[in-house]
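No value in this document is a laboratory result; all are computed from the given coordinates. Bear in mind the structure is a predicted one, so any value in this text is a computation, not a measurement. No Cβ is skipped: glycine too gets one built from the backbone with ideal geometry, and neighbour counts run over all protein chains shown.
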Amino acid sequence: MFVRFGARTLGRLAAGAFLLSAVAPAFAAEPDAAPIEVVKHLDGTLLDVMQNAKQLGYKGRYAKIEPLVRRDFNVRMMTQIAVGSGWSGLTPAQQDALTEAFGRFIAATYAERFDGYSGERFVETGARPFGSGQLVETKLVKSDGSPVDLSYVTRQSDGNWQVVDIFMTGTISELATRRSEFSAVFRRAGYDGLLQSLNDKVAQIERQSTMS
């Protein structure tokens, strides 16, 4: 399912999405209000970026979104899952470098895609236990009133709740595809190849976005 989101498709929204099965142990956590606040902060910042997208330009949008990604997403865990089994063979410095590059890739992708506003709004509809974390359910309400369901999987790390997955319409997780893509690059070209690929993707997004 694809719907328009500004000048881009909402079907590409879940750039920070994650493999659900990788973060969902069998036991349930007690409900907690904090995950909803994390999602509200995320949605509020993204809405502000959308509403001021043209004035900000790509670089301004990136500047607002990059710290949001660092705060509200568990980028290290997402990177580990995206890399796959080869993660454990990397040195701490290599893991840090890939995490940094992957975080910039997520921020660049959001800055590219949240490039316009036509009356959309986010509505957080509630949270429920999910594995060891919480599933925060929201709706993106378009200007004509039709909603798109978004589910944020959140998990607590070092006392902070962070997003570890996003599902659109209940099932679509873009990082399932990212994991397949990145782990394939890692198997073929190793650490250096994957790091270069991430850096190249960020540079390409910036070139295309600043030229449009």
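Data for the structure
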{"quantity": "Relative contact order computed over region 124-183 (Cα-Cα under 8 Å; 6+ residues apart), in percent", "calculated": "22 percent"}
{"quantity": "Region 71-199: C-alpha gyration tensor shape, a/c 1.5 cut-off, then a/b vs b/c", "calculated": "prolate"}
{"quantity": "Amide proton proximity set for Asp115, modelled H, under 5 Å, gap of 5+", "calculated": "Ala7, Arg8"}
{"quantity": "Partner lysines for Lys139 [C-alpha distance under 29 Å; skip if fewer than 8 residues away on the same chain]", "calculated": "Lys40, Lys54, Lys59, Lys64"}
{"quantity": "Phe167, Phe73, Phe102 arranged by Cβ crowding within 10 Å, fewest neighbours leading", "calculated": "Phe167, Phe73, Phe102"}
{"quantity": "Gain on full stretching of the segment that runs from Ser132 to Arg207 - 0.36 nm per residue minus C-alpha separation", "calculated": "23.0 nm"}
{"quantity": "Calculated FRET efficiency for the pair Arg70/Arg121, C-beta based, R₀ 30 Å, to 0.05", "calculated": "0.75"}
